[in-house]
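Visitor: The structure is given below, and queries will be raised subsequently.
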Amino acid sequence: MRGLRSTLVLLVVALGLGGYIFFFERHRPPASESEPNEQLFDFEADDVAELRVDAGEDAVTELRRTDGAWQVVAPVQAAADDSATSSIASTLASLEVQRIVEEGPVDLEPFGLAEPALDVGFTLADADAPRRLLIGDQTPTGGDRYAKLGDSDRVFLIAGYLNSTFDKSTFDLRDKTVLDFERGDLDGLEIAAGDRVIRFVQDGDDWQIVEPLAAGADFSTVEGLIGSLSNGRMRSVESESADALESFGLAEPAISVVLGAGSASATLHVGDETEDGARYARDASRPLVFTIDASLVTSLEREAAEYRRKGLFAFRSFSATRLEVERPDGTVVFEKVEAETEEEEDAWHRTEPGSAEVPRADMDNLLSQVSVLRAESFVASRADAGLGPEQVAATIRARFGEDGTEEQVTVWRSGEDTYAVRGDESGAGHIDSQAFDAALDALEALQDSQM
């Protein structure tokens with residue numbers, strides 16, 4: 001009986017405690033929950049119309065938003081770096097007070113606010129008077145910074161990492177684009193360096209070299225160069241005017257790059273090397289002189305042959321519909337026959353000499369060996385390389401794609417060297433002799449399988 005009584009007492013106590021927790025404690029906030037930080041301002045980032053950033057040492061920059069775009073208006077007039085400027089406006093709009101240090105008038109010297117390291121002024125679109133955020137020293141722990149508003153005596157803390165957002169020079173806040181152009185509209189590119197001129201035109205989705213030779217251009221190489229020009233950024237601004245171009249080697253530029261888009265164009269001039277290995281440069285549409293990384297200039301100093309397309313064929317084994325291999329001892333022609341039903345597979349037939357079906361696996365091997373042939377380097381003149389009609393080892397013609405695109409490659413043998421060229425392009429590409437032999441071996445294996 002005593003055990004039963006004890007059990008009932010414990011049950012009553014447990015029920016009472018559970019009821020207390022349910023009715024009285026459920027509305028109490030968790031012990032770990034802290035009060036939210038005070039929002040310092042009540043506006044949106046898009047409401048900021050003007051900014052004034054004083055980072056000390058005469059680094060005072062004034063900016064204004066016009067038609068949605070930020071402009072530097074002092075100490076120079078230039079387009080602004082949208083990312084850096086918008087980040088300041090967004091940070092102001094969301095700025096939180098970490099802790100109040102002093103509410104009333106106080107000596108500002110100990111907080112670094114008598115002569116603040118940063119003074120950020122801003123004006124809202126619907127307000128006439130500007131407001132100021134003053135930022136002083138780091139706290140002893142280094143995690144926060146002392147700050148105050150220009151029209152208030154209250155000293156508070158803001159997150160220390162925000163200092164890098166506000167601490168910007170005029171150069172940090174200006175647009176540092178080297179050359180401004182719309183990449184998708186380009187249809188021409190010209191690089192001139194002394195007597196050397198390389199000119200490209202866009203043909204559909206491909207780039208073609210038209211000067212100093214006629215040849216297909218390597219798409220990734222040309223697009224990589226255009227990307228470097230599009231993404232290039234100034235390292236520094238050396239002069240806001242073009243009055244003394246001779247001192248920068250820009251009166252007669254070492255390199256000129258012209259990007260064309262219909263009747264519009266953008267031109268970059270490159271001058272002398274700086275003491276630290278960069279290069280002076282200027283956008284011909286703007287007066288200022290700036291510096292750029294030497295790596296950008298290196299990509300402009302390639303020879304025409306380095307821009308040539310290395311792959312000899314555009315077709316692949318799955319896209320080919322016809323293959324013709326003409327050699328001194330005869331011509332072999334293969335054509336694909338499409339399956340009549342979904343259950344069947346496409347088949348390949350030899351149509352010359354004679355008609356015969358060929359094994360699909362062997363045909364795929366031949367197509368693969370031929371399609372991967374590529375140039376390792378180029379000679380400017382076939383005659384200088386001793387390549388005449390008697391050195392022709394094979395002429396390979398292929399048809400591929402739904403539109404029946406055709407391409408032709410001629411291959412020459414000269415001693416132990418093998419050369420090839422697409423269509424009627426200039427010069428010839430030096431190719432791997434073993435790779436070409438592997439293609440011929442695949443052809444021989446295919447012919448042997450039919451005997």
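Visitor: When the accessible area of region 336-426 is computed with all protein chains present and a 1.4 Å probe, what percentage of it is carbon and sulfur?
Guide: 41
Visitor: Using only the Cα atoms of region 63-137, what semi-axes does the equivalent ellipsoid have when each is the square root of 5 times a gyration tensor eigenvalue? Give whole Å, largest first.
Guide: Here the semi-axes work out to 28, 14, 12 Å.
Visitor: Ratio of Rg to Rh for region 358-398, alpha carbon only, Kirkwood?
Guide: Numbers: Rg = 14.4 Å, Rh = 12.9 Å.
Ratio of gyration radius to Kirkwood radius for region 358-398: 1.12.
Visitor: Provide the FRET efficiency to the nearest 0.05 for the residue 172-residue 197 pair, computing r from the beta carbons and using R0 = 30 Å.
Guide: 0.20
Visitor: Counting only protein heavy atoms and using a 1.4 Å probe, what share of the accessible area of region 27-160 belongs to carbon plus sulfur, as a whole percent?
Guide: Carbon and sulfur: 42 percent of the exposed surface of region 27-160.
Visitor: On a 0 to 90 degree scale, rounded to 10, what angle separates helix 2-20 from the longest Cα axis of the chain?
Guide: Rounded to the nearest ten degrees, it is 80.
Visitor: For every helix of n ≥ 4 consecutive DSSP H residues, a contribution of -39,500 (n - 2.57) applies; sum these over the chain, divide by its total residues, and give [θ] at 222 nm rounded to the nearest 500 deg cm²/dmol.
Guide: -6000 deg cm²/dmol
Visitor: State in Å² the accessible area per residue of the chain; use a 1.4 Å probe, count heavy atoms of protein chains only, and round to the nearest integer.
Guide: Numbers: 24670 Å² over 451 residues.
Accessible surface, normalised per residue, equals 55 Å².
Visitor: Accessible area of region 202-268 with a 1.4 Å probe: how many percent of it is carbon plus sulfur?
Guide: The computed percentage sits at 43.
Visitor: Can I ask one more? Could you work out the relative contact order of the chain, using alpha carbon pairs under 8 angstrom and six or more residues apart, expressed as a whole percent? Please list the in-between numbers first.
Guide: Details: 843 pairs, mean separation 40.6, N = 451.
Relative contact order here is 9 percent.
Visitor: Related question: Enter the accessible area of residue 96 (Å², nearest 10), with the probe set to 1.4 Å and all protein chains included.
Guide: Per-residue accessible area (residue 96): approximately 70 Å².
Visitor: Quote the accessible area belonging to residue 372 in square angstrom, nearest 10, computed with a 1.4 Å probe and with ligands, DNA and RNA left uncounted.
Guide: Taking all protein chains as shown, residue 372 has close to 90 Å².
Visitor: Rounded, prolate or oblate for region 93-142? Axes are the square roots of the Cα gyration tensor eigenvalues, ordered a ≥ b ≥ c, and the cut-off for rounded is a/c under 1.5. The partial results should precede the final answer.
Guide: Values: a/c = 2.00, a/b = 1.77, b/c = 1.13.
It is prolate, given that a/c is not under 1.5 and a/b is the larger ratio.
Visitor: How far, in degrees from 0 to 90, does helix 433-448 lean away from the longest principal axis of the Cα atoms of the chain, to the nearest 10?
Guide: The angle comes out near 60 degrees.
Visitor: Counting pairs of alpha carbon atoms under 8 Å apart in space and at least six apart in sequence, what relative contact order in percent does region 135-293 give?
Guide: On the way: 278 pairs, mean separation 30.0, N = 159.
In percent, rounded to a whole number, it is 19.
Visitor: If you don't mind, there's one more thing I want to ask. On a straight-distance basis, which aspartates and glutamates could pair with residue 176 in a cross-link, Cα separation under 15 angstrom, same-chain partners fewer than 8 positions away excluded?
Guide: Output for residue 176: 81, 82, 238, 240, 283, 293.
Visitor: List the lysines whose alpha-carbon lies under 21 Å from that of residue 148, not counting same-chain residues fewer than 8 positions away?
Guide: Output for residue 148: 168.
Visitor: Helix 219-231: angle to the longest alpha-carbon principal axis of the chain, degrees 0 to 90, nearest 10?
Guide: 30
Visitor: Where does the charge balance sit around residue 106 when Lys and Arg score +1, Asp and Glu -1, over other residues with C-beta under 11 Å from its C-beta?
Guide: -3
Visitor: Given points 7 Å out from each Cα along the Cα-Cβ axis, report the residue 275 to residue 329 separation in nanometres with one decimal.
Guide: So the label points at residue 275 and residue 329 sit 7.1 nm apart.
Visitor: Which of these values of Rg/Rh (Cα atoms, Kirkwood Rh) was calculated from the structure shown: [x] 1.24; [y] 0.95; [z] 0.99?
Guide: The listed entry that was calculated here is [x].
Visitor: On a straight-distance basis, which lysines could pair with residue 336 in a cross-link, Cα separation under 28 angstrom, same-chain partners fewer than 8 positions away excluded?
Guide: Partners found: 310.
Visitor: For region 354-451, what relative contact order do you get, as a whole percent, if you take Cα pairs closer than 8 Å and at least 6 residues apart?
Guide: 35
The values are calculated or read from the model by the stated rules, or taken from the named source; none is laboratory data. These numbers come from a predicted model, not from an experiment. Heads up, the Cβs are rebuilt from the backbone with ideal geometry, glycines too, and the neighbour counts pull from every protein chain shown. Accessible surface is based on the protein model in full, side chains and every heavy atom, while ligands, DNA and RNA are left aside. Shrake-Rupley method; radii C 1.70, N 1.55, O 1.52, S 1.80 Å.
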